[in-house]
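Presented below is the structure to which this report refers.
The values are calculated or read from the model by the stated rules, or taken from the named source; none is laboratory data. Please read these numbers as outputs of a predicted model, since none were measured by experiment. Cβ placement follows ideal geometry from the backbone for every residue including glycine, while neighbour counts extend to all protein chains displayed.
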Amino acid sequence: MSKLLNIFASYLKKNIIVIITGTISLCIFLVIFMLYNIPIEPIVYAAILVIFFVTIIFIINFVYFYRRHTILNKLKNNITIAEYKFPSTINLIEKDYQELIKEIDSSRKKINNEGNKFYSDLVEYYTLWVHQIKTPISAMSLILQFEKTETNKELLEQLFIIEQYVEMVLQYLRLEELNSDLILKKYSLDDIVKQAIKKYARIFIRKKIKLNYIDLNCSVLTDEKWLVFVVEQLLSNSLKYTLSGEISIYIDEILPETLVIEDTGIGIEQEDLPRVFEKGFTGYNGRLDKKSTGIGLYLCKQILNKLSHTIEIESEIGKGTKVKIGLKTMEIDFE
């Protein structure tokens, strides 16, 4: 009812000039008739007929106004998914507005198509670039492994970091089409975590970081490839900001479906914690580490959202950081 009243108020506002003009005109006629001593009865009768006729026209016009409003409202809600058809125009100005909107929409579609094509070409190029650059990276890794020198070990570590950045580029490009790339099955959480640990084993040894890990003995409904990537990113961050001490991986005792990755690193400033998942945000630690991109945790958050998992971070400066991944999967509709 309130919606109808709002529409009626809008209709009155639209026709306020006509209403005021008609009222003033009627008053002028009544005053003139009275000044000339015309009998009151025919004046009242004529006034009643005019008011009745105007009321009928007013109601018909309001119904037409309401229908046009309803059509335009439906059009507003469906304009992005269907071809739209405007209601018929009642004057030249409305027709001009509709033609203007059609021209603007045509230009918008053209710009969108050009932007989509450019983005598609860009993704295709960088995807090809990532796959091509992996070949020389692998070749350099094999060459450096022939001779076990301290220099080669350092170069292998830097080459490993380059490989991680390349992998991050590939996953970032795939993020928009993540839904079509998901394969949800029950996986052993131990197998997923051990893949990430194995990848970073050399860094653990080189930095002399102790790993506390006990078999997790649980399975999770997820996508193996993407969850492995998330665990790798979190381990990478822990290793990057833990100069000495240990990294622990375990299942939360209070929340049994929560994987915890805890380190004894430098920690995160409390004012930075609410923003660590923002795209490009590096925070205080990122300003100290000039190589930080602010993309890793953003990717983790986006991927876990798609997997219907959660992520939380607790941290204290000088004492370390605790990352909690909630692996309880919400209801997912399969088609």
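Identify, from the list 142, 155, the residue that is surrounded by 10 or more Cβ atoms within 10 Å (Cβ to Cβ) and either closer than 30 Å to residue 206 by Cβ or not polar (S, T, N, Q) (or both). First the steps, then the outcome.
Numbers: 142 fails: surrounded by 10 or more Cβ atoms within 10 Å (Cβ to Cβ).
None of the other options fit; the residue is 155.
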Any residue at all in the stretch 138-160 that's assigned to a helix (DSSP H, G or I) and either closer than 22 Å to residue 226 by Cβ or assigned by TED's automatic domain parsing to the domain that holds residue 233 (or both)?
yes
How about the stretch 244-269: which of its residues are free of Cβ contacts under 8 Å to residues at least 24 places away in the same chain and over 17 Å from residue 190 (Cα atoms)?
254
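Each row is one residue, and each column tells you yes or no for (1) free of Cβ contacts under 8 Å to residues at least 12 places away in the same chain; (2) within 25 Å of the chain's Cα centre (by Cα); (3) under 27 Å from residue 250 (Cβ atoms).
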residue: 97; (1), (2), (3): yes, no, no
residue: 106; (1), (2), (3): yes, no, no
residue: 171; (1), (2), (3): no, yes, yes
residue: 190; (1), (2), (3): no, no, yes
Name, by its number, the condition in (1) farther than 28 Å from residue 309 by Cβ; (2) among the polar types (S, T, N, Q); (3) touching a residue at least 24 places away in the same chain (Cβ under 8 Å) that does not hold for residue 212.
(1)
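In the set 242, 258, which member is of a type in the set (Val, Ile, Thr) and within 31 Å of the chain's Cα centre (by Cα)? It would help to see each step written out before you state the result.
Details: 242 fails: within 31 Å of the chain's Cα centre (by Cα).
Unique residue meeting the criteria: 258.
Scanning for something in the same structural domain as residue 311 (by TED's automatic domain parsing), surrounded by 14 or more Cβ atoms within 10 Å (Cβ to Cβ) and over 30 Å from residue 152 (Cα atoms), does the stretch 234-241 turn up at least one residue?
First, the residues of the stretch 234-241 that are in the same structural domain as residue 311 (by TED's automatic domain parsing): 234-241.
Next, only the ones that are surrounded by 14 or more Cβ atoms within 10 Å (Cβ to Cβ) stay: 234-241.
Right, trim to over 30 Å from residue 152 (Cα atoms) and you get none.
No, the stretch 234-241 contains no residue that is in the same structural domain as residue 311 (by TED's automatic domain parsing), surrounded by 14 or more Cβ atoms within 10 Å (Cβ to Cβ) and over 30 Å from residue 152 (Cα atoms).
So that you can scan it fast, the table gives a plain yes or no per residue for (1) surrounded by 15 or more Cβ atoms within 10 Å (Cβ to Cβ); (2) within 21 Å of residue 258 (Cα to Cα); (3) in contact with a Lys or Arg (Cβ under 9 Å, 6 or more places away or on another chain); (4) not basic (Lys, Arg):
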residue	(1), (2), (3), (4)
163	yes, no, yes, yes
181	no, no, yes, yes
185	no, yes, no, no
204	yes, no, yes, yes
223	yes, yes, yes, yes
